[in-house]
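Just below is one structure, and these are the notes that go with it.
A short reminder: the numbers here are calculations on the coordinates, not readings from a lab. The structure presented is a predicted model; accordingly, all values stated were derived computationally and were not measured. Glycine gets a Cβ as well: all are built from the backbone with ideal geometry, and neighbour counts include every protein chain shown.
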Amino acid sequence: MYIAKANRNENRADWLDMIRHNDFGILINTVEGRPWATHIPMHLSEDGNKLTGHIARGNIQWKNWSAKPEVLAIFQGPHAYVSSSWYDHENVPTWHYIAVHVYGTIRVIEGDELRESLRHLVNKHEKASEKPITVEGMSEKFLKNEIKGIVAFELTITKMEAAYKLSQNRDDQNYQSIIRQLEQRGDHNSHQIPKEMKKHRLTLK
């Protein structure tokens, strides 16, 4: 993706943390000569080198993985509109956002690998449940039947790149003005962007 010099983030730890907190991504590859995308949660391994997930068996996207295994996974963090009326000079409006692109090779996984992938995904997202369910707690008959309807995968990461568009090119006065204006809004994204701006001001400036 295009990343302006001021918006580059070369800190791999930031990338991994962002993916772990925003793991509902978009998996993209070519199917029958056209781009094909699926919106799914993906689990990042502890070492940050692999992603696992699954798609519906009826989704033809997986049928092309063996012939052309290179794929792209996109993860998006918070984003918010920035009005140029917040600056002390004439300018244009813009949009602040955080995005990480992950490139890699993909393969279908089955058996124990598939089940382990499901365990990671379910355990992570059931933590906040009052009565969390587990893969192990499902009946074997039910689980086997449900597994028939999915195709699981492991994506081995070969390249990552990240864009953190957070007004790094603004002076302190305008930078703080953007933060104040966003914090006055009521939506979640507008509150999250100022947190990221404060966090990354020194590291990305």
Using the Karplus equation 6.51 cos²θ - 1.76 cosθ + 1.60 (θ = phi - 60°), what ³J(HN,Hα) coupling, rounded to whole Hz, does each residue of region 99-104 give in order, writing x for Gly and Pro?
-> 9, 10, 9, 10, 10, x
Helix 111-126 sits at what angle to the longest principal axis of the chain, using alpha carbons and giving 0 to 90 degrees rounded to 10?
-> 40 degrees
Compute the acute angle (0 to 90°) between the alpha-carbon long axis of helix 172-183 and the principal axis of greatest extent of the alpha-carbon atoms of the chain; round to the nearest 10°.
-> 50 degrees
Most mobile of GLY149, GLY53, GLY25 in a GNM of the chain (Cα contacts under 10 Å) | GLY149
Measuring from label point to label point, each 7 Å out along Cα→Cβ, what is the ASN11 to LYS63 span in nm?
-> 4.5 nm
At R0 = 35 Å the Cβ-Cβ FRET efficiency linking GLU136 and GLU70, nearest 0.05, sits at 0.55
Listed here are the pairs LYS50/LYS165; LYS159/LYS195; LYS63/LYS148; which of them are more than 21 Å apart at the Cα?
-> LYS50/LYS165; LYS159/LYS195
Starting from the Cα of ASP47, step 7 Å along the direction of its Cβ; do the same at ALA128; then give the gap between the two resulting points in nm.
-> 3.1 nm
Looking at region 34-81, which trypsin sites (Lys or Arg not before Pro) are DSSP coil and have at most 15 other C-beta atoms within 10 Å of their C-beta?
-> ARG57
Mind checking which of ALA67, ALA37, ALA99 has the largest fluctuation in a GNM of the chain, springs on alpha carbons under 10 Å?
-> ALA67
